[in-house]
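Chemist: I am attaching a structure below and will ask some questions about it afterwards.
The values are calculated or read from the model by the stated rules, or taken from the named source; none is laboratory data. The structure presented is a predicted model; accordingly, all values stated were derived computationally and were not measured. Every residue, glycine among them, receives a Cβ derived from its backbone with ideal geometry; neighbour counts consider all protein chains shown. The area values use the complete protein model at the heavy-atom level, side chains included, leaving out ligands, DNA and RNA. Shrake-Rupley method; radii C 1.70, N 1.55, O 1.52, S 1.80 Å.
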Amino acid sequence: MVLTTTEFDTIAAISTPPGEGGISIIRISGEEAFDVAKKIYRGKNLDKVASNTINYGHIVDPQTNEEIDEVMLSVMRAPHTYTEEDIVEINCHGGIVATNRILQLVLSTGARMAEPGEFTKRAFLNGRIDLSQSEAVMDLIEAKTDRSMKAAISQLDGNLSHLIKHLRKDILDVLAQVEVNIDYPEYDDVETMTSKLLREKANDVHARIVQLLSTAKQGKILREGLATSIIGRPNVGKSSLLNNLLHEDKAIVTDVPGTTRDVLEEYVNVRGVPLKLVDTAGIRDTKDKVEKIGVDRSRKAIDSADLVLLVLNASEALTDEDKKLLAATKDKQRITVLNKTDLPVKLDLQEIKAMANGKNVISTSAIKANGLDRLEELIANMFFNEGIESSQNDIMVTNARHIGLLNQAKGALEDVIKGLDAGMPVDLVQIDMTRCWDFLGEITGDSYQDELIDQLFSQFCLGK
Ligand SMILES: Nc1nc2c(ncn2[C@@H]2O[C@H](COP(=O)(O)OP(=O)(O)OP(=O)(O)O)[C@@H](O)[C@H]2O)c(=O)[nH]1
Ligand SMILES: [Mg+2]
């Protein structure tokens, strides 16, 4: 369904982050954007200025004639704009008071306050971009590393949409062919022919979806960050390690065991891989009420981690608690970090290597910042071993919603093949093929429900 722009009212919002800054931008979009601006702007004649120009002038309260701010007005006429509607953007001085005053004026002269993501929602509803492209806008804003940004840009450019549309067209073609065959069953072998056609296409689309899904693991990491939990006994240097990876003293470090009481979460860019790094309370049996809660959370942090950094103190012999933690994390993606190697080493390295299957053991000294390069390199290689640079131009799926729908589409195709194997009538098999077509359509928003659209755009930031 494509709505025409005339069905929407005029919306406005502050599009820059709240707070003090060099400039703030108040964006107005809709049929009345120019009328609203004309009521409060003194400067050039907005009916005469060319589209895509920026114009000097003042914002004046029409009631009192009070001059509010000196501004530059960006003027963009439909349809070649972000929303495909008329857009005026007021660039004012970036103080909170001036910005809010201007927004109030805009709202009192005919515009309505926009909802979060409503400008992008209009770009979607007006047919300028599809749903996966709209989602990429938000991913781009939230991108934590260059690599994440490249994946978002590729999706915004429509690479994923293009592929999905291609698959849907193939399915539609075969469904049309099946329809024709069913309507004209004058040939004896029509059922066999139609089954063959369906099977070929189901296998073909299935293979392409499987290929796409093979990028999902890395794609999801790029979009959401790799959930990385730093785990270990108290005082082994977990918080020191976090500070080192962040290149910042975020977590409190003391020589008192039990310093970290609650989990601390920070994003960090490790060679282009966004890490959602979680520092946890040291795990030990404790009677302290507050520490106990922290310890319970640490245990949960193991479960929810994509990667566990298990920190051991190399200057002490292995304790029972260390062994328990090694056992508790043995099925996880794990790096065993032997910290405090600047001190005389008491850990039996052979024993550790044996327990960790000789894999992913790194020696560090958080205090001397030694071994961190190797740790970073190992993390990047564990998750992007073929190197993401090489796969940059390939299409990636990054979004959990898309991954879910692709899996459903894949399941529907498997039902098509099962149905054909079981000799089910073609018109029943056709239903599963159509389901696949629908699931794929939900990715691009070609088939969607209003609730989904409302829910998706409500997660956007205001003014976008
Ligand atoms: N010699 C040496 N000391 C270190 C090293 N890393 C950390 N420390 C010291 O060990 C003590 C504990 O460090 P933290 O980073 O607070 O340890 P933690 O594992 O977060 O401790 P909890 O929060 O209590 O669980 C501090 O005094 C650090 O300065 C290291 O590589 N070498
Ligand atoms: Mg700590």
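Chemist: Restricting to the range 243-253, what's the tally of residues that are touching a Ser or Thr at 6+ places or on another chain (Cβ under 9 Å) and within 8 Å of ligand 1 (Cβ to nearest atom)?
Modeler: 3
Residue-by-condition table, conditions (1) within 33 Å of the chain's Cα centre (by Cα); (2) over 26 Å from VAL263 (Cβ atoms); (3) at pLDDT 90 or above; (4) more than 16 Å from ligand 2 (Cβ to nearest atom):
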| residue | (1), (2), (3), (4) |
| --- | --- |
| ARG299 | yes, no, no, no |
| ASP320 | no, no, no, yes |
| ASP342 | no, yes, yes, yes |
| GLU351 | no, yes, no, yes |
| ASN357 | no, yes, no, yes |
| ALA366 | yes, no, yes, no |
| ASN381 | yes, yes, yes, yes |
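Chemist: Which fully enclosed strands (runs of 3 or more DSSP E) of the range 21-66 have 1 or more residues being over 22 Å from ILE11 (Cβ atoms) and open to solvent by less than 60 Å² (accessible area, probe 1.4 Å)?
Modeler: Details: elements: 23-29, 41-43, 53-60.
It comes to 41-43, 53-60.
Chemist: Here's a follow-up. Which is hydrophobic (A, V, I, L, M, F, W, C) and either in a loop (DSSP other than H, G, I, E, B) or surrounded by fewer than 16 Cβ atoms within 10 Å (Cβ to Cβ) (or both), of VAL345, VAL308, VAL337?
Modeler: Numbers: VAL308 fails: either in a loop (DSSP other than H, G, I, E, B) or surrounded by fewer than 16 Cβ atoms within 10 Å (Cβ to Cβ) (or both); VAL337 fails: either in a loop (DSSP other than H, G, I, E, B) or surrounded by fewer than 16 Cβ atoms within 10 Å (Cβ to Cβ) (or both).
Unique residue meeting the criteria: VAL345.
Here's the yes/no breakdown for (1) open to solvent by less than 80 Å² (accessible area, probe 1.4 Å); (2) basic (Lys, Arg); (3) out of contact with any Cys (no Cβ under 8 Å at 6 or more places or on another chain); (4) touching a residue at least 40 places away in the same chain (Cβ under 8 Å):
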| position | (1), (2), (3), (4) |
| --- | --- |
| SER108 | no, no, yes, no |
| MET113 | yes, no, yes, yes |
| PHE124 | yes, no, yes, yes |
| SER134 | yes, no, yes, yes |
| VAL137 | yes, no, yes, yes |
| SER154 | yes, no, yes, yes |
| LYS165 | no, yes, yes, yes |
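Chemist: Separate question: Please work out if VAL236 is within 30 Å of SER154 (Cβ to Cβ) and either touching a residue at least 40 places away in the same chain (Cβ under 8 Å) or of a type in the set (Phe, Trp, Tyr) (or both).
Modeler: On the way: within 30 Å of SER154 (Cβ to Cβ): no; either touching a residue at least 40 places away in the same chain (Cβ under 8 Å) or of a type in the set (Phe, Trp, Tyr) (or both): yes.
Answer is no for this residue.
Chemist: Out of all the residues in the range 316-327, is one or more assigned by TED's automatic domain parsing to the domain that holds LYS359, closer than 30 Å to LEU140 by Cα and either within 12 Å of ligand 1 (Cβ to nearest atom) or assigned to a loop (DSSP other than H, G, I, E, B) (or both)?
Modeler: no
Residue-wise test of (1) at pLDDT 85 or above; (2) in the same structural domain as ASP306 (by TED's automatic domain parsing); (3) more than 23 Å from GLU414 (Cα to Cα).
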{"site": "TYR187", "(1), (2), (3)": "no, no, yes"}
{"site": "LEU197", "(1), (2), (3)": "yes, no, no"}
{"site": "THR228", "(1), (2), (3)": "yes, yes, yes"}
{"site": "GLY237", "(1), (2), (3)": "yes, yes, yes"}
{"site": "LEU241", "(1), (2), (3)": "yes, yes, yes"}
{"site": "VAL263", "(1), (2), (3)": "no, yes, yes"}
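Chemist: Which one is farthest from GLU377 (Cα to Cα) among residues in the range 265-296 that are away from ligand 1 (no atom under 12 Å from the Cβ) and part of a helix (DSSP H, G or I)?
Modeler: So, considering only residues that are away from ligand 1 (no atom under 12 Å from the Cβ) and part of a helix (DSSP H, G or I), the one farthest from GLU377 (Cα to Cα) is LYS289.
Chemist: Give the residues of the range 230-260 that are assigned to a helix (DSSP H, G or I) and within 11 Å of ligand 2 (Cβ to nearest atom), sorted by residue number. Don't jump to the end; show me each part of the working.
Modeler: Quick first cut of the range 230-260, residues assigned to a helix (DSSP H, G or I) only: 238-246.
Within the range 230-260, LYS238, SER239, SER240, LEU241, LEU242, ASN243 meet the criteria.
Chemist: Related question: Among the residues of the range 80-88, are any among the aromatic types (Phe, Trp, Tyr) and touching a helix residue (DSSP H, G or I) at 6+ places or on another chain (Cβ under 7 Å)?
Modeler: Of all residues in the range 80-88, those among the aromatic types (Phe, Trp, Tyr) come to 82.
Adding the requirement that they be touching a helix residue (DSSP H, G or I) at 6+ places or on another chain (Cβ under 7 Å) leaves 82.
Scanning the range 80-88 turns up at least one residue that is among the aromatic types (Phe, Trp, Tyr) and touching a helix residue (DSSP H, G or I) at 6+ places or on another chain (Cβ under 7 Å).
Chemist: Same structure again: Does ARG299 satisfy being assigned by TED's automatic domain parsing to the domain that holds GLY232, within 16 Å of ligand 1 (Cβ to nearest atom) and either in contact with an Asp or Glu (Cβ under 9 Å, 6 or more places away or on another chain) or part of a loop (DSSP other than H, G, I, E, B) (or both)?
Modeler: Working: assigned by TED's automatic domain parsing to the domain that holds GLY232: yes; within 16 Å of ligand 1 (Cβ to nearest atom): yes; either in contact with an Asp or Glu (Cβ under 9 Å, 6 or more places away or on another chain) or part of a loop (DSSP other than H, G, I, E, B) (or both): no.
No, not satisfied.
Chemist: Any residue that is open to solvent by less than 60 Å² (accessible area, probe 1.4 Å) and under 30 Å from ALA151 (Cα atoms) - is there at least one of those in the range 195-203? Let's see the steps before the verdict.
Modeler: Going through the range 195-203, the residues open to solvent by less than 60 Å² (accessible area, probe 1.4 Å) turn out to be 195, 197-198, 201-202.
Narrowing the set further to residues that are under 30 Å from ALA151 (Cα atoms) leaves 201-202.
Yes, there is a match, as at least one residue in the range 195-203 is open to solvent by less than 60 Å² (accessible area, probe 1.4 Å) and under 30 Å from ALA151 (Cα atoms).
Chemist: Residue under question is THR10, and the condition is that it be over 16 Å from LEU107 (Cα atoms), open to solvent by less than 60 Å² (accessible area, probe 1.4 Å) and under 35 Å from the mean Cα position of the chain (by Cα); does it hold?
Modeler: Working: over 16 Å from LEU107 (Cα atoms): no; open to solvent by less than 60 Å² (accessible area, probe 1.4 Å): yes; under 35 Å from the mean Cα position of the chain (by Cα): yes.
The answer is no for THR10.
Chemist: For the range 294-326, which residues satisfy the criterion of being closer than 21 Å to ARG223 by Cα and either out of contact with any helix residue (DSSP H, G or I) (no Cβ under 8 Å at 6 or more places or on another chain) or of a type in the set (Gly, Ala, Ser) (or both)?
Modeler: ALA301, ASP303, SER304, ALA305
Chemist: Out of all the residues in the range 377-385, is one or more open to solvent by 30 Å² or more (accessible area, probe 1.4 Å) and touching a helix residue (DSSP H, G or I) at 6+ places or on another chain (Cβ under 9 Å)?
Modeler: Residues of the range 377-385 open to solvent by 30 Å² or more (accessible area, probe 1.4 Å): 377-378, 381-382, 385.
Those still in the list that are touching a helix residue (DSSP H, G or I) at 6+ places or on another chain (Cβ under 9 Å) too: none.
So far as the range 377-385 goes, no, none of its residues is open to solvent by 30 Å² or more (accessible area, probe 1.4 Å) and touching a helix residue (DSSP H, G or I) at 6+ places or on another chain (Cβ under 9 Å).
Chemist: What residue, among those in the range 261-291 that are more than 21 Å from ILE335 (Cα to Cα) and away from ligand 2 (no atom under 16 Å from the Cβ), is most open to solvent (accessible area, probe 1.4 Å)? Talk me through it step by step, then tell me what you get.
Modeler: First pass over the range 261-291, keeping only residues more than 21 Å from ILE335 (Cα to Cα): 261-262, 285-291.
Those left that are additionally away from ligand 2 (no atom under 16 Å from the Cβ): 285, 287, 289.
Values: ASP285: 129, LYS287: 194, LYS289: 169 Å².
That would be LYS287.
Chemist: Let me ask another. What are the residues in the range 90-148 that are more than 30 Å from ILE68 (Cβ to Cβ), in a helix (DSSP H, G or I) and of a type in the set (Val, Ile, Thr), if any? Before the answer, list the steps.
Modeler: First pass over the range 90-148, keeping only residues more than 30 Å from ILE68 (Cβ to Cβ): 124-140, 142-148.
Still in the running and in a helix (DSSP H, G or I): 124-125, 131-140, 142, 146-148.
The answer is VAL137, and nothing else.
Chemist: Hey, any hits in the range 155-165 for a residue that's farther than 26 Å from ALA412 by Cβ and part of a helix (DSSP H, G or I)? Break it down stepwise before answering.
Modeler: First pass over the range 155-165, keeping only residues farther than 26 Å from ALA412 by Cβ: 156-157.
Next, only the ones that are part of a helix (DSSP H, G or I) stay: 156.
Scanning the range 155-165, I find at least one residue that is farther than 26 Å from ALA412 by Cβ and part of a helix (DSSP H, G or I), so the answer is yes.
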